[in-house]
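First comes the structure, then the notes that go with it.
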Amino acid sequence: MSLFGRKRKEPQAPGCAMVVVAAGSSQRMGQDKMFLELEGQPVLAHTLLAMEGSSRVDQVVVVTREDLVGAVANLCRELGLSKVKTVVRGGATRVESARLGTMEEPQDAKLIGIHDGARPFVSSQVMERVVDQAAQAGAAAPA
């Protein structure tokens with residue numbers, strides 16, 4: 001409460017639009033690692049659930065191979081992921097896929113994060129710390 005009886009506007013925690021890059025060919029692995037089961041769920045599900053559970057992630061764009069767009073969209077529906085805005089086809093390289101994902105994010109997004117869909121051990125808490133640090137410094141990466 002301010003001196004004049006008006007409520008002060010509490011500072012909001014920074015939000016972030018996330019791009020989850022899941023468009024790789026999995027050549028070295030010999031099978032698609034995004035849909036390999038880990039504790040009863042696909043690897044990609046663990047990544048997306050961490051984004052969904054983070055109070056700092058406002059929305060998510062998933063970038064995947066053209067042949068997996070439908071399967072990834074179905075997975076997002078099955079998991080009830082409200083933050084996933086869209087699933088789009090990736091490019092020929094990881095950089096191109098990340099660029100295509102960022103083009104789907106709002107132009108007024110203050111922060112855009114990029115995460116590899118095959119990295120399922122990220123937690124909502126790590127996401128929050130990275131977004132907070134990026135808001136302060138302009139960029140951040142977990143290490």
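The values are calculated or read from the model by the stated rules, or taken from the named source; none is laboratory data. The model shown is predicted, which means the values in this text are computed figures rather than measured ones. So basically every Cβ, Gly included, is an ideal-geometry build from the backbone, and we count neighbours across all protein chains shown. The protein model used for the area step is the full one, side chains on, heavy atoms only, and it has no ligands, DNA or RNA in it. Shrake-Rupley method; radii C 1.70, N 1.55, O 1.52, S 1.80 Å.
Data overview
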read-out: Inter-site label distance for D132 and A73 at 7 Å from Cα along Cβ, in nm; value: 3.7
read-out: Total formal charge among the other residues, if their Cβ is under 15 angstrom from that of E105, Lys/Arg +1 and Asp/Glu -1; value: +2
read-out: Furthest towards positive pole of dipole, L81, S97, G15, structure part the chain, Cβ charges; value: G15
read-out: Computed FRET value (nearest 0.05) for F121 with A141, which takes r as the C-beta separation and R₀ as 22 Å; value: 0.90
read-out: Lysine pair number, Cα distance threshold 26 Å (strictly under), the chain, separation 8 or more or different chains; value: 7
read-out: Percent antiparallel among DSSP beta bridges (both partners in the chain, rounded to 5); value: 10
read-out: Angle between the chain longest axis and helix 69-79 axis [Cα atoms, degrees, rounded to 10]; value: 50
read-out: Accessible surface ranking that places the most exposed of T93, T102 first, with a 1.4 angstrom probe; value: T93, T102
read-out: Sulfur and carbon atoms: percent of accessible area, the chain [1.4 Å]; value: 50
read-out: Normalised contact order of region 18-143, rounded percent, pairs of Cα under 8 Å and 6 or more residues apart; value: 36
read-out: Solvent-accessible area per residue for region 12-143 (1.4 angstrom probe, square angstrom); value: 56
read-out: For region 34-78, size of Cβ-based charge dipole, Lys and Arg +1, Asp and Glu -1, in debye; value: 120
